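Here the structure is laid out as structure tokens; the discussion comes afterwards.
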Amino acid sequence: MLLNIFPVRSAIQYVPLSFIALAILLICSAHQASEPTEGEVLARQYCSSCHLFPDPSLLDKETWKTNVLPNMGWRLGVRKAGDNPFAGMKEDEHQRLLDLNVFPSSQLISSDHWKKIVNYYIQQAPEKPIPSKPLEVYKRDLTMFHGEPLFIGENQTPQTTLVKFDSIHSLLYIGDAQNEVYVIDQTPQLLANWQTVSPAVDMLFSSQSAPKMICIGSLLPSEEKTGTISYLDSVLTPQQSATSIGNLGRPVQMSDVDVNGDGMKDLLLCQFGNFTGKISWFDNGDPQKEHIIKLQAGARKAEVSDMNKDGKPDIVVLFAQARESISLFENKGDGTFNEKILLQFPPVQGSTYVELDDFNRDGFPDILMSSGDNWDLSDIHKRFHGVRIFMNDGKNNFTERLFFPLYGASKAMARDFDKDGDMDIAAISFHDNPEKPEDGFVYLENTGNMHFVPHVTNDAKQGKWLTMEVADMDKDGDDDIILGSYFHAFSEVAKLMVKGVEQFPQVVILRNNHIQH
């Protein structure tokens, strides 16, 4: 018996039943092959209990095998002979992790199941990191800005942790890992400096009181509670006041906002921590009146906006670390919040910064985000590092509209730099690129319809950029860009010296020439 199937080249073909049986067998085999392996099922079960499931393709085989999987195993109580997840920790940090049971002393998973998870990742991961998709060619013609390097002190290896502009008094504050804060006027001339208890990472300014300053405690991952918020007695005298709030877990960002609607400014604070962290607010800034919004490690940046148009300030928070995500906390009006998770990312995303910007000018804030933290267990090029824009549908649902790959992206800020009516983006990268060090700063010119043209400048080749500020420093009507350079070790400086870079300023001010043009 013959069946009439499979038209080929518009002619009718007659195929025997044996061929049909073979085709069915192949289809069934393909279907079976697509079924998840036991290792994948187990990985999704255990890994997804803590964070978004990380696909094996995100990292290469060696990185999974040598760095990431052993650390994952520790958190499930799996240790090889001689492993010590507490190595190098101070006694109080060690005890805190024991109390939290971060690294269980007994296995939470059978050895057989763990082996299947490990095999799944190593078998499925690529041999080498998957590269980013080809970029639009950088234009090396950024003449709209001219660079002005700032050298402070005699340190040959800049470690700038803070650049913050006080627009009220037209002063620039610069902090470094040597526990110093400097204040610069718009000339720029050094006016004063302060010795701090630890590296400064954020400041708040007011016309009514002295500036507030966050000192992080430990720049390196730590569970120590040594962060502080201090007041400076004067913006012009090198004298530090008593600590206002102490015992903080690596605080990184703060803002003043009337959370509970009582007419008084409250202090909203992100504590990044390490294994623990939180977003909280202090009623009228009182250290004794802390209200926790959420306990979660990696609280990096909080943006305040009335997202649901009910007249109350809501809070959008970027969380890094394992549970990488962006959450909206809707203000109920009594100092409490309802959480809506807007976006989630895999635990190797390396989220670094977020801000709210209305790119399409529809009245609803969109999200600008950078990802590029590469310090911990997977120091490799990641194709998903870069700058993203997530568009708001008007109901606080967000969809990715733009991804610009940028290895090690540490911050992105949007402004209408060229005054043409749309939002451009300034982005920096904390990434070793000795072949083209100037590519550590990228100016993304918005040419319309969400199309961005990347420009770079040789004025950015003298640093490795961890921090950035945008402000009209010279009061000429357009926004300037201030870049802060951080070299973790002298070996990073040496890579640039070999390429002919001779000077390494703490800060480079990119003066915007647009108005003059």
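The values are calculated or read from the model by the stated rules, or taken from the named source; none is laboratory data. Predicted model, so just to flag it, every value in this text is computed and none were measured. Cβ placement follows ideal geometry from the backbone for every residue including glycine, while neighbour counts extend to all protein chains displayed. These accessible areas exclude ligands, DNA and RNA; they are computed on the full protein's heavy atoms, side chains included. Shrake-Rupley method; radii C 1.70, N 1.55, O 1.52, S 1.80 Å.
Matching residues to (1) assigned to a strand (DSSP E or B); (2) within 30 Å of residue 374 (Cβ to Cβ):
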{"residue": "297", "(1), (2)": "no, yes"}
{"residue": "303", "(1), (2)": "yes, yes"}
{"residue": "310", "(1), (2)": "no, no"}
{"residue": "321", "(1), (2)": "no, yes"}
{"residue": "330", "(1), (2)": "yes, no"}
{"residue": "333", "(1), (2)": "no, no"}
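What residue, among those in the stretch 154-174 that are part of a loop (DSSP other than H, G, I, E, B) and of a type outside the set (S, T, N, Q), is modelled with the lowest pLDDT?
Filtering first and then ranking leaves 154.
Table: residues versus (1) of a type in the set (S, T, N, Q); (2) assigned to a loop (DSSP other than H, G, I, E, B).
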| residue | (1), (2) |
| --- | --- |
| 352 | yes, no |
| 368 | no, no |
| 384 | no, yes |
| 390 | no, no |
| 413 | no, no |
| 428 | no, no |
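Only residues that are among the β-branched types (Val, Ile, Thr) and modelled with pLDDT of 90 or more: list them for the stretch 103-151, please.
109, 117, 118, 122, 130, 143
For the list (1) modelled with pLDDT under 95; (2) open to solvent by 10 Å² or more (accessible area, probe 1.4 Å); (3) of a type outside the set (Phe, Trp, Tyr); (4) not in a loop (DSSP other than H, G, I, E, B), I need the number of the one condition that residue 493 fails.
(2)
Where the second residue is of a type in the set (Asp, Glu) and assigned to a strand (DSSP E or B) and the first is under 15 Å from residue 404 (Cα atoms) and open to solvent by less than 10 Å² (accessible area, probe 1.4 Å) and lies in the stretch 421-445, which pairs have Cβ atoms under 9 Å and are six or more apart or on separate chains?
What qualifies is 424/445; 425/357; 425/445; 443/424; 444/424.
Given the structure, is residue 373 closer than 21 Å to residue 467 by Cβ and not in a strand (DSSP E or B)?
Answer is yes for this residue.
Determine, yes or no, whether residue 168 is over 15 Å from residue 483 (Cα atoms) and open to solvent by less than 40 Å² (accessible area, probe 1.4 Å).
Taking the combined requirement at face value, the residue does not satisfy it.
Enumerate the strands (runs of 3 or more DSSP E) found wholly within the stretch 175-229, keeping only those where 1 or more residues are open to solvent by less than 20 Å² (accessible area, probe 1.4 Å) and in contact with a Gly (Cβ under 6 Å, 6 or more places away or on another chain).
Where strands (runs of 3 or more DSSP E) fall fully within the stretch 175-229 and carry at least 1 residues being open to solvent by less than 20 Å² (accessible area, probe 1.4 Å) and in contact with a Gly (Cβ under 6 Å, 6 or more places away or on another chain), they are 180-185, 200-204.
Scanning the stretch 452-462 for residues that are open to solvent by 10 Å² or more (accessible area, probe 1.4 Å), of a type outside the set (Lys, Arg) and within 23 Å of the chain's Cα centre (by Cα), which turns out farthest from residue 414 (Cα to Cα)?
Step by step, filter the stretch 452-462, then rank; the result is 462.
Out of the stretch 155-196, which residues are more than 26 Å from the chain's Cα centre (by Cα) and either under 23 Å from residue 218 (Cα atoms) or of a type in the set (Gly, Ala, Ser) (or both)?
155, 156, 170, 183, 192, 193, 194, 195
Do you know which of the residues in the stretch 255-285 that are of a type in the set (D, E, K, R) and open to solvent by less than 50 Å² (accessible area, probe 1.4 Å) is nearest to residue 363 (Cα to Cα)?
So the residue we want is 258.
Show the residue pairs that are 6+ apart or on different chains and have beta-carbon atoms under 9 Å apart, the first residue being within the stretch 91-108 and closer than 15 Å to residue 80 by Cα, the second being aromatic (Phe, Trp, Tyr) and surrounded by 11 or more Cβ atoms within 10 Å (Cβ to Cβ).
Every condition considered, the pairs that remain are 103/74; 103/86; 104/74; 107/114; 108/46.
Determine, yes or no, whether residue 160 is open to solvent by less than 30 Å² (accessible area, probe 1.4 Å) and of a type in the set (Val, Ile, Thr).
Taking the combined requirement at face value, the residue satisfies it.
Check whether at least one residue in the stretch 385-402 is at pLDDT 95 or above, open to solvent by less than 10 Å² (accessible area, probe 1.4 Å), within 18 Å of residue 138 (Cα to Cα) and among the aliphatic types (A, V, I, L, M), and report yes or no.
Within the stretch 385-402, one or more residues are at pLDDT 95 or above, open to solvent by less than 10 Å² (accessible area, probe 1.4 Å), within 18 Å of residue 138 (Cα to Cα) and among the aliphatic types (A, V, I, L, M).
Suppose we keep only residues that are surrounded by fewer than 21 Cβ atoms within 10 Å (Cβ to Cβ) and among the aliphatic types (A, V, I, L, M) within the stretch 469-490. Which one would you say is farthest from residue 373 (Cα to Cα)?
Checked the stretch 469-490; the qualifying residue farthest from residue 373 (Cα to Cα) is 471.
Taking the stretch 392-410 only, how many residues are polar (S, T, N, Q) and outside any strand (DSSP E or B)?
The qualifying residues number 2.
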